[in-house]
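The next block holds one structure in the form of structure tokens; read it before the comments.
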């Protein structure tokens, strides 16, 4: 019984959002079961379905997958978004690790003490504009192609778009010095599956607000 | 140009150690360049060697690879330590990610403030014995095979033996409740490439000491 993948997480972005993005971009419909209170998480524990007692957990192809990167790698490979050979995969992995580090910083921001928020936000913008975005801008400039790796849409492109949009939520003009990334953003956003995901009513989750932070703290 | 992979990092474990383990387990000889000063590190950045201005850096097959996980996935894929299909790879990835979370606690431990050390050590022990080791004990018990995935030596096994030894350095009796893992530890330690890596004189690095911590803080100082 194939069935749709089923995602177990809170009703917010967190570590599951990249998985939602990738499935959506690959045109894969999925179901979601939301953890809304502590008891929901405890039930998952008691049912023995969380390998390391953690979420995200994705039921897919008869497996109960955990660990965000493992899940993402599996989906990327299954839906041909992982390059054509080992070297392309290596580049995709490197690029994705970079955007993961950047998005990790942004993800933690709402959970940090109020008096450090301004400093942390400044660091995010600094890292985005001096460490991460220049790398992707240069990659696109060097080969002049539409996609980061192998002239074909891959996980790296989808992850980068997600990171760009998250960074823009922090600072709307963060791409001002990156003309190729601006063009990239427009191009990738217009891919039909991604365009659909970016529209209201999709399974994309909104930015984490204070209410979500409170819910997360209570559950975990 | 020797053709051997070349590793650039500090002369210590840190984030490079799992890569050393994996290359050694695969029987691959490698060279190492050690960062000892901030100037060396700044020069690497200036010369454009470090994609995200960070180490580890592994020069391999014409690529300057960075990001520990990317490097290890490449090595595992290249040397057939990544399972036979997508599902085996998924299992290996899950196991490796779990172990990596445990190793992260050990990695950060030397840098914790003195008054937090006891608590952090207790956390490492708790997580190892309640969250991670039980999973692998159960996996080995259920299939009764020597290796974690697909009845064949893989990246997951290398990562697990490394983690077991690293935790034992801090909690010597940590395997006391895990008979399968005790057997696993012996079997893995006796595999020829791993046995060689565990002997003195190999590229394996010693546990981090005060000098290592000092070097880290010096080289990566802003």
Next on the checklist: How large is log10 of I(q)/I(0) for chain A at q = 0.10, 0.12, 0.13, 0.15 Å⁻¹ when the intensity is taken from the Debye formula with one equal scatterer per alpha-carbon?
Outcome noted: -0.46, -0.66, -0.78, -1.04
Checklist entry - If you find the alpha carbon centre of the range B:65-126 and of the range A:103-179, how far apart are they in angstrom? => result 25 Å
Next on the checklist: Taking 4 °C and 1.567 mPa s as the conditions, I'd like the Stokes-Einstein D for the range A:86-190 in µm²/s, using the Kirkwood hydrodynamic radius from alpha carbon pairs.
Outcome noted: 92 µm²/s
Checklist entry - Taking the alpha-carbon centroid of each part, what is the distance from the range A:21-58 to the range B:152-206 in angstrom? => result 32 Å
Checklist entry - Roughly what angle does helix B:68-78 make with the longest principal axis of chain B, taking Cα atoms, 0 to 90 degrees, to the nearest 10? => result 60 degrees
Checklist entry - Looking at chain B, what % of the alpha carbon pairs are farther apart than 33 Å? => result 16 percent
Item to check | Inter-chain Cβ neighbour average for residues B:129-137, partner chain, 10 Å | outcome: 1
Checklist entry - Over all residues in A:69-80, what is the mean tally of Cβ atoms on other chains that come within 10 Å of each residue's Cβ? => result 4
Item to check | Convex hull volume per residue for the range B:86-190, taking Cα atoms only, in Å³ | outcome: 92 Å³
Checklist entry - Counting partner chain Cβ atoms within 10 Å of every residue's Cβ in A:48-54, what's the average? => result 4
Checklist entry - Quick one: which of A:139-146, A:173-180, B:12-19 comes out on top by average Cβ neighbours within 10 Å, and what's the full order, highest first? => result B:12-19, A:173-180, A:139-146
Checklist entry - Arranged from highest to lowest average of other beta-carbon atoms within 10 Å per residue, in what order do the peptides A:18-26, B:81-89, A:97-105 appear? => result A:18-26, A:97-105, B:81-89
Checklist entry - Cα axis of helix B:117-127 to longest principal axis of chain B: angle in degrees, 0 to 90, nearest 10? => result 40 degrees
Item to check | Along each principal axis, Cα extent of the protein assembly as shown, largest first, Å | outcome: 58, 53, 47
Checklist entry - So what is the relative contact order for chain A, in percent, with contacts set as C-alpha pairs under 8 Å and at least six apart? => result 27 percent
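Quick note: the coordinates plus some simple rules give every number you see, no bench work behind them. Source: prediction; values computed, not measured. Counting neighbours? That spans all protein chains shown, and the Cβs are built from the backbone with ideal geometry, glycine included.
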